[in-house]
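Encoded as structure tokens, the structure appears first; notes follow it.
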Amino acid sequence: IRKINNMSILYCTITRGTTVLAKHAKCTGNFQEVVEHILVKIETNKDSKMSYTQTGYLFHYIVESGIIYLCITDEAFDRSTSFTFLLEVKKRFTKTYQHRIETALPFAMQSEFSNVLASEMNRFSNSLKNDPTQLKNV
């Protein structure tokens with residue numbers, strides 16, 4: 001993973017277990033390789049959320065109904081904002097794909113949803129840089 005600017009969401013993926021349904025990276029790096037190691041360790045049989053740090057990055061995820069919503073941020077990024085971002089992504093993803101999630105093939109939602117991920121990543125990263133209070137009503 002290569003560092004870019006502070007206070008950014010660098011990567012986001014939505015998976016069913018280890019099957020990637022959609023993802024977006026803000027910069028180049030070995031995100032997918034790192035995420036593959038993380039995904040196999042996440043229990044999907046119970047809803048949960050967690051953050052942990054590794055080599056200067058924060059990894060945040062929410063598991064709900066067997067689906068993992070995961071993002072990687074730099075260590076300066078606010079944890080609660082990371083989860084607000086993931087909840088927004090989850091809401092938009094389930095609203096759009098609720099009937100296809102369980103049977104979707106790998107990357108089935110990539111072409112449609114990667115643009116949504118990019119937009120939300122930019123919105124949350126830029127809003128936090130300019131005024132963190134802008135996100136409190138999301």
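Please go through segment 53-77 and pick out each residue that is part of a loop (DSSP other than H, G, I, E, B) and either in contact (Cβ under 8 Å) with a residue 60 or more places away in the chain or out of contact with any Leu (no Cβ under 8 Å at 6 or more places or on another chain) (or both). Spell out how you get there, then give the answer.
First pass over segment 53-77, keeping only residues part of a loop (DSSP other than H, G, I, E, B): 55-56, 65-66, 75-77.
Residues satisfying the conditions are T55, G56, S65, G66, A76, F77.
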Residues within segment 18-52 that are out of contact with any helix residue (DSSP H, G or I) (no Cβ under 7 Å at 6 or more places or on another chain), surrounded by 14 or more Cβ atoms within 10 Å (Cβ to Cβ) and assigned to a loop (DSSP other than H, G, I, E, B), tallied: 3
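Which residue out of I67, I72 is at pLDDT 95 or above and more than 19 Å from S127 (Cα to Cα)?
Working: I72 fails: more than 19 Å from S127 (Cα to Cα).
None of the others qualify; the one that does is I67.
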When residues of segment 53-83 are limited to those that are surrounded by fewer than 17 Cβ atoms within 10 Å (Cβ to Cβ) and of a type in the set (V, I, T), the one farthest from the chain's Cα centre (by Cα): T55
Members of segment 104-121 found to be of a type in the set (S, T, Y) and either at pLDDT below 95 or closer than 11 Å to T13 by Cα (or both), listed by number: S114
Count of segment 70-121 residues which are out of contact with any strand residue (DSSP E or B) (no Cβ under 7 Å at 6 or more places or on another chain) and of a type in the set (K, R): 4
Residue match in segment 84-94 (condition: of a type in the set (S, T, N, Q), under 22 Å from G17 (Cα atoms), modelled with pLDDT of 95 or more and part of a helix (DSSP H, G or I)): yes
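The values are calculated or read from the model by the stated rules, or taken from the named source; none is laboratory data. Keep in mind that this is a model prediction, so the values were computed, not measured. Don't worry about glycine lacking a Cβ; one is built from the backbone with ideal geometry, like all the others, and counts go over all protein chains shown.
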